[in-house]
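Taking it in order: structure first as structure tokens, then the write-up.
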Amino acid sequence: MRNRHWLTPVLLAAALGVLTTGAPAQGLEGLLRKHWSDADAFKRHIDGFDSPDGQLALFEFGLEDIARQTVLASADGRTFYQLLPLSSPSSVENPARKRTFSQVVTILWSPDSRHLATHDSLARHSEVSVFEVRDAAVADVSPRTVREVALKAADLDEAKVRSSGQKPERWTSATVLRVQARFSTGGRVVTVPVEVVLGEGRTEVRAVIGTHKGGNKS
């Protein structure tokens, strides 16, 4: 029988080393995948973001005041699936500024619980991420051409873009995600809606023609 009281400090020490030395995220993900079931003391369920079928949920993995992580796991917290590219609730929530986790990140499940779209608005150039649930595994199927497609549709010079974002708005079907691409050139903000179409082994990105708009930054 595994000694959980021994494994938990080992996990803590190893994860602390990964987080403080700037090691690749894959190192921490591998560590969590191996020891997740023994890390109950360091994980907390994030309310309000469970999959529609109730099988998957988001958890915060915390190490005191060290950088915390957001993780996709089984709803009972026993099985680790994916380290998500999101800030954690503890790292972004600020009561004094009235800033909450849901104001910073966007988390959208498809109606059939097969896909999860995420976005973190803190980065200067933020991107949408999409994950596909495949039986007992989760695969990253994030679209890589949203920026390129949206810039072309808006006829924008990439060199003039100072900040940008790709916020998922809604699932129009189980495999089609509407994303709002937003570009700021300093004095002007341009938004371009695009559709991300997920298929077997491929992801297609297309602009919603004739609906992009721009305006002066207030």
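Read-outs throughout are calculated quantities, based only on the coordinates presented, and are distinct from any laboratory measurement. Remember, predicted model here, so these are calculated numbers, not experimental data. Positions of Cβ are backbone-derived with ideal geometry, glycine not excepted, and every protein chain shown enters the neighbour counts.
Quick look at the numbers
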{"quantity": "Inter-label distance, nm, simple model (7 Å from Cα along the C-beta direction), S184/D76", "calculated": "4.6"}
{"quantity": "Anisotropy class of the stretch 89-131 from Cα gyration tensor, a/c 1.5 cut", "calculated": "oblate"}
{"quantity": "Calculated from backbone phi, Karplus (6.51, -1.76, 1.60) coupling profile of the stretch 201-206 in Hz, x at Gly/Pro", "calculated": "x, 8, 10, 10, 10, 9"}
{"quantity": "The stretch 139-159 residues near the modelled R33 label - backbone nitrogen below 12 Å, point 7 Å along Cα→Cβ", "calculated": "139-140"}
{"quantity": "Cα convex hull of the stretch 110-218, projected area averaged across orientations, nm²", "calculated": "7.2"}
{"quantity": "Separation in nanometres of the label points that stand 7 Å from Cα toward Cβ, at H125 and E204", "calculated": "2.7"}
{"quantity": "Per DSSP, loop trypsin sites (Lys or Arg not before Pro) in the stretch 57-115 with at most 11 further Cβ within 10 Å", "calculated": "R78, K98"}
